[in-house]
Amino acid sequence: MAVKEAVKEKIVSREFPEYIRDPNPDKGLDETIKRLTPEKIEKTIKAVLGGRSARIKAVLDTCIHCGLCAEACQWYLSNDKDPTYAPVAKMRMTIWEMIKRDGKVDAEFIKQCARIVFTECNICHRCSMYCPYGLDITFIIGMVRRICFLLGVIPQRQLDQNQAHIVSLNQVWYSQNDWLDTNQWQEEEVGAGFKDLRIPIDKEGAEAMWLPLGAEPKTGIYHIERTAKIMHVAGVDWTVPGKDVWDSSNMPMFVRDFETMQRIVRGLYDNAARLRVKKMVLTE
Amino acid sequence: MLGWKELPFEVIQTGEFYYELLMDGRIKIDKAKKIKEPVTLQDPCNIIRRAGAAEKFRYFVNATCEDFRDMTPNREHNFCCNAGGGLAALSNWAAHKAKGNRVKAEQIKATGAKIVITPCHNCSTGIKDVIKYWNLGVKNMFFDEILVNTMVIPEELKAG
């Protein structure tokens, strides 16, 4: 298919000349590596991988480099079986190299790792199903993400969304007012067509607590409208939480910001426990 | 997790909840309103591969659509939409992502479906990118949209 990529210079990896990619400018990768020092990189890698856990060892020491995972990966299959897209190659070009060089890698290398783990793997877990040992390859990708995240080298838009989660515990910078107001406005709007339609906020003992994706009350308002209609027609005793956390998405989980990740999960569970609901119904 | 050995509540996805509503008979489908166009279903990695809701989703789709065509491979062997793992946020990498998911475009094309159903918003982002980049000329629909369009709405619930 003819697409706009004419005469662009390719990026060729220094360590792995077979890794050739189109450039894709991203401030989160290009600018942030300027802040790194070799000491900082080494210290961070050792902090994450230092006391190597059994879980990490199980993957790194058991892998026999058979490459069966390659055929499982849509990145590999879609890019004409380019071996640099194989899951095992993604480990080899990142974590194995870090370990081999005992954490003594430079900023450019970290940038390359970040590109691999943040933009060329979906942590979809398909490779593990095709691995003869069932190794948790995505867990290793996650460890590399953790290292890159701690070093601040992460695609700008993922970082933006993560910052939103850190501050507001949802991905769209919604305040509690925005959230409550959106629900009440929708209740009026949808309610006009139905008898006694409610979007109950903070109702104790409800059967189901509905938790949308953060973007839904902001840009996908019709999801609230449809959900209200479905719940009303089915006669479900339902509720939405009036307090944080109500956004069921979790970018911190993907970028391995464990601290914020657990604040979100905890907030969701606390809401369910506080309202003594029977089910948490998440859209994600 | 978080101090509970066993959670005092269930955690389910909306698609699984809709399945329950259909099974309990709390929602009835109007046969005349069922989707006539051929549809296919994107199996989300986390809900299918890791949480096993594949059959529930198929029950839902068969109940609301007349012509359901599964992708190959499907269920827990399905390919990711390429928006998973936080890649949904990377709109400045859209071409890179869509190119990296040619297999998904081929999968969708092979079914001959006119509508790709996505149970989660994340998958919708990925599938829309794939549809646009590879000019598939198909539509994307959500579970809630399909259910609202096909369910029986009793007269006594309507206003006025």
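Numbers below:
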read-out	value
Scattering curve values for the stretch A:170-282, log₁₀ I(q)/I(0), Debye with Cα scatterers, q = 0.09, 0.11, 0.19, 0.22 Å⁻¹	-0.23, -0.34, -0.97, -1.26
Over the stretch B:13-143, relative contact order from alpha-carbon pairs under 8 Å, at least 6 apart, %	28
Relative frequency of Cα-Cα separations exceeding 35 Å in the protein assembly as shown, percent	33
Dipole magnitude of the stretch A:11-154 about its Cα centre (Cβ charges: Lys, Arg +1; Asp, Glu -1), debye to nearest 20	540
Rounded tilt (10° steps) of A:222-234 against the dominant C-alpha axis of chain A	50
Under-22-angstrom lysine pairs by C-alpha in the stretch A:170-282, whenever the two are 8 or more apart or on separate chains	12
Taking chain A and dividing mean pair separation by its residue count, relative contact order in percent (alpha carbons under 8 Å, at least six apart)	17
Descending Cα extents along the principal axes, chain B, whole Å	51, 48, 32
Sparsely packed GluC sites (Glu not before Pro) within the stretch B:1-105, loop by DSSP, other Cβ within 10 Å at most 13	B:6, B:66
Reciprocal mean inverse distance between Cα atoms of the stretch A:46-192 - Kirkwood radius, Å	17.5
The stretch A:46-130: radius of gyration and largest Cα-Cα distance (Dmax), Å	13.2, 38
Ascending count of other beta-carbon atoms within 10 Å, so fewest first, for A:149, A:194	A:194, A:149
Value of relative contact order over the stretch A:170-282, rounded to a whole percent, pairs C-alpha under 8 Å and six or more apart	36
Where the Cα pairs of the stretch A:218-263 fall when distances are cut into 10 Å bins, in %	21, 37, 29, 13
Per-residue mean of C-beta atoms belonging to partner chains within 10 Å, peptide A:235-248	1
Residue with peak Gaussian network fluctuation, chain B [Cα springs, cutoff 10 Å], from B:26, B:102, B:69	B:26
Averaged over A:196-208, number of beta-carbon atoms from partner chains that fall within 10 Å	1
Only Lys, Arg (+1) and Asp, Glu (-1) charged, at Cβ; the protein assembly as shown dipole about Cα centre in debye	1080
Per chain B, cysteines lacking a partner by the 4.7 Å Cβ criterion	B:65, B:120
Amide hydrogen neighbours beyond the local backbone of residue B:140, cut-off 5 Å, H modeled	B:116
Rounded Å value of the spacing that divides the Cα centres of the stretch B:111-151 and the stretch A:100-169	28
Neighbour-count ranking [beta-carbon atoms within 10 angstrom, fewest first] of A:153, A:59, A:117	A:59, A:153, A:117
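Bear in mind these aren't lab numbers, they're just calculated from the coordinates by the rules spelled out. In this text, all values refer to a predicted model and were calculated from it rather than measured experimentally. When we count neighbours, we look across all protein chains shown, and the Cβ atoms used for this are built from the backbone with ideal geometry, even at glycine.
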